[in-house]
Amino acid sequence: MTGWGWWAAAGAAVLVLALFRRPLGALCRLAVRSGLGLVFLWLFQELGGMLGIHLGINLLNCLILGALGLPGFGLLILSQWAAL
């Protein structure tokens with residue numbers, strides 16, 4: 001690639017990053033919050049076993065906790081209760 005090709009590719013990359021800055025930021029925040037939801041589910045596993053609540057540690061539950069937070073946890077508990 002010539003010098004102009006590299007400059008054009010770099011300019012296009014900067015333009016794409018500038019256009020998708022907000023959606024990429026939202027995806028990164030969701031990923032971090034879902035990771036925290038994973039840790040919370042892992043910690044809750046022991047306490048939930050004593051209370052008779054068994055929530056699976058999977059991607060869907062982590063995404064629900066990441067997107068909704070504490071109301072999402074209530075939703076998961078209610079779905080567990082409704083399944084019984």
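The values are calculated or read from the model by the stated rules, or taken from the named source; none is laboratory data. Remember, predicted model here, so these are calculated numbers, not experimental data. Virtual Cβ from ideal backbone geometry, glycine too; neighbours counted across all protein chains shown. Remember, those area values only see protein heavy atoms, side chains included, never the ligands or the DNA or RNA. Shrake-Rupley method; radii C 1.70, N 1.55, O 1.52, S 1.80 Å.
A few notes on this one:
- In degrees, nearest ten, helix 3-19 long axis to first principal axis of the chain (Cα): 30 degrees
- Percent carbon-and-sulfur accessible area, the chain, ignoring ligands, DNA and RNA, probe 1.4 Å: 77 percent
- A 1.4 Å probe over all protein chains sorts Val14, Val39 by accessible area into Val14, Val39, starting with the largest.
- Most fluctuating residue given options Ala31, Ala13, Ala67, as computed from a GNM of the chain linking Cα atoms under 10 Å: Ala13
- Reported label for calculated Cα extents along the principal axes in Å given [x] 65, 19, 17; [y] 52, 20, 18; [z] 49, 27, 21: [x]
- Potential extension, Arg21-Trp42 segment - 0.36 nm per residue separation minus Cα distance: 4.4 nm
- Helix 70-83 and the longest principal axis of the C-alpha atoms of the chain enclose an angle of approximately 50°.
- Sparse-neighbourhood loop sites, chymotrypsin sites (Phe, Trp or Tyr not before Pro) in segment 1-50 - DSSP loop, at most 15 other Cβ within 10 angstrom: Phe20
- Relative to the longest principal axis of the Cα atoms of the chain, the long axis of helix 21-51 lies at roughly 20 degrees.
- Additional length obtainable on full extension of the chain from Thr2 to Leu51, 0.36 nm per residue less Cα span: 11.0 nm
- Label-zone membership for segment 25-46, site Gln80, 7 angstrom Cα→C-beta point, backbone N under 17 Å: 37-46
- The chain - mean residue ellipticity at 222 nm from DSSP helices (-39,500 (n - 2.57) per run, n ≥ 4, rounded to 500): -29000 deg cm²/dmol
- Working note: Karplus 6.51/-1.76/1.60 with θ = phi - 60° gives segment 57-63 the couplings 9, 9, 5, 5, 5, 5, 5 Hz, where Gly and Pro are set to x.
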